[in-house]
Amino acid sequence: MLLGVVIPVYHGSQTVAAVVDALLTYMKENHQPCRVALVADGGGAEDQAAVRALWEAHTGVTAVLLQANLGQQRALYEGLRELADCDVLVTMDDDGAHPVSLLT
C-alpha cells in the first residue's frame with residue numbers, strides 16, 4: 001500500500017522541513033512506502049526555496065510551486081493530483097499540527 005501525503009505550504013518555510021523529516025523517518029521505521037507532495041501556495045520566495053530544497057533532498061517528495069496564493073483547498077487539490085497513483089491519500093499541515101503518529 002502506497003501512502004500519499006499532501007502538505008500545503010503557506011508561510012511555513014521555517015517548519016515544513018521538520019514535518020517532512022519526521023514523516024519520512026516515521027514511515028521508514030514502520031516500513032511504509034510513502035510519497036509526499038509539497039505545495040507552495042504563493043507564500044513567497046522563502047516557501048518556494050524550502051519546498052525546492054526538500055524536493056532535492058528526498059526521494060519521493062514532489063514540489064508543486066503555485067505562482068499565487070490560490071487558497072488551501074486549491075493547494076490540496078493540486079497535491080492530490082500529483083499523488084493520484086497512491087492507494088491512500090492524507091493531508092497534513094506544514095507546521096506540525098498533525099502528528100505523524102496519527103497515520104497508523
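Tabulated data for the structure shown
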read-out	value
Residue ranges of strands (runs of 3 or more DSSP E) in the range 18-104 with at least 3 members β-branched (Val, Ile, Thr) and modelled with pLDDT of 95 or more	61-66, 88-91
Given (1) touching a residue at least 12 places away in the same chain (Cβ under 8 Å); (2) among the charged types (D, E, K, R); (3) under 21 Å from Pro99 (Cα atoms), index of the condition Arg74 fails	(3)
Of all residues making up the range 1-17, the number that are touching a strand residue (DSSP E or B) at 6+ places or on another chain (Cβ under 6 Å) and assigned to a helix (DSSP H, G or I)	1
Which numbered condition Gln72 fails, given (1) open to solvent by less than 30 Å² (accessible area, probe 1.4 Å); (2) touching a Phe, Trp or Tyr at 6+ places or on another chain (Cβ under 8 Å)	(1)
Those residues of the range 62-81 which are of a type outside the set (A, V, I, L, M) and either over 19 Å from Ala50 (Cβ atoms) or within 11 Å of the chain's Cα centre (by Cα) (or both), in sequence order	Thr62, Gly71, Gln73, Arg74, Tyr77, Gly79, Arg81
Subset of the range 14-32 (residues that are surrounded by fewer than 16 Cβ atoms within 10 Å (Cβ to Cβ) and β-branched (Val, Ile, Thr))	Thr25
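The values are calculated or read from the model by the stated rules, or taken from the named source; none is laboratory data. If you're wondering where the values come from, they're calculated on a predicted model, not measured in any experiment. Ideal geometry is used to build each Cβ from the backbone, glycine not excepted, and the neighbour counts take in all protein chains shown. Just the protein is used for accessible areas: all its heavy atoms, side chains included, with ligands, DNA and RNA removed. Shrake-Rupley method; radii C 1.70, N 1.55, O 1.52, S 1.80 Å.
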